[in-house]
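The numbers here are math on the coordinates, done by the rules we state, and not lab data. This one's a predicted model, so the numbers in the text were calculated from it and none came from an experiment. Using ideal geometry, Cβ is built from the backbone for each residue, glycine included, and neighbour counts are taken over all protein chains shown.
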């Protein structure tokens, strides 16, 4: 019996594994190499007084690929292919200075109007810590776009480039 | 008489102008395009408790050119041509978050072992606000290297790259 169940068990196990690795959200790719992309700006959300502290408390740096940089610096809408990374790190208060620590997660916005029609032409994803595969977003409309849609007049983007 | 004094006056005026534009420090060039260079890390020095508050209080971002990035990421000493920019902005506390404001100045370190022998092979300069010509450093040994020489074991550089 054991020998006959073997292949079925293996098939079920592989199916379960495939399901576990299937993105639950929109399948936005990990932005390989983003730490070498241009830096848009940084910010430290350090206190519970700030409305975004619970979700985004810490030190964040924003990076943009070349497609997104064209829109940031020359204006106009973000073309397909634009990718923006929100890199959130722990913020540590060291003797009167805020310094960055371990990575909490990265948030990624990827423009593809055909693929992400329901969320302003942007796909949203989060990758936990330093992982390139541990995805965080299961419902991008509720978890990401519900807030980004306030920024419709700015093509759904919050940050502005600091020259 | 006026006509005969003309050329002398002109020559003196030009000489004065040349002297005014002559760098008082080491002649380190303005790092054109540095805002597109890779971002090393950021920090906010926000309180007088911090020993560097008087000189460097504010929000700073550090950028490195390709030569400097090789040393930051692969180790080893910084090759000639390495340039590191310390971009200091005003830090504003907005409702529990530190955000960056106007530029106070940029500090520049440029590696050229032959040219800057007396200061660890690094040239130092500051450019005030958004100016590309208003230089701030008159005595790099006293104003910059006196502190950087503590970091001799790290090739005189304070920052480390945050991956």
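At R0 = 45 Å, how high is the FRET efficiency between residue A:146 and residue B:48 if r is their beta carbon distance? Nearest 0.05 is fine.
0.65
Averaged across B:33-45, how many Cβ atoms of other chains sit within 10 Å of each residue's Cβ atom?
Rounded to a whole number, the mean comes out at 6.
Counting only other chains, what is the mean number of Cβ atoms within 10 angstrom of the Cβ of each residue in peptide A:94-103?
Rounded to a whole number, the mean comes out at 6.
Determine the calculated [θ] at 222 nm for chain A from helices alone, applying -39500 (n - 2.57) to every DSSP H run no shorter than 4 residues and normalising by the residue count; nearest 500 deg cm²/dmol.
Computed ellipticity for chain A at 222 nm equals -6000 deg cm²/dmol.
What value in Å³ per residue do you get for the convex hull of the alpha-carbon atoms in region A:32-163?
Details: hull volume 15.8 nm³, N = 132.
So the per-residue Cα hull volume is 119 Å³.
Average partner chain C-beta neighbours within 10 Å, per residue of B:106-114?
Values: counts 0, 0, 0, 0, 0, 0, 0, 0, 0.
Per residue, the number of nearby Cβ atoms from other chains is 0 on average.
What percent do you get for the relative contact order of chain A when only Cα pairs under 8 Å and 6+ apart count?
19 percent
Name all residues of region A:41-69 having a backbone nitrogen under 15 Å from the label point set 7 Å from the Cα of residue A:29 along its Cα→Cβ direction, giving them as ranges.
Once the point is set 7 Å along Cα→Cβ of residue A:29, A:65-68 turn out to lie under 15 Å by backbone N, inside region A:41-69.
Given a Förster distance of 30 Å, report the FRET efficiency between residue B:128 and residue A:131 from their Cβ-Cβ distance, rounded to the nearest 0.05.
0.10
Quick check: from the Cα gyration tensor, does the protein assembly as shown come out rounded (a/c under 1.5), prolate or oblate?
Taking the square roots of the gyration eigenvalues as a ≥ b ≥ c, the protein assembly as shown is prolate.
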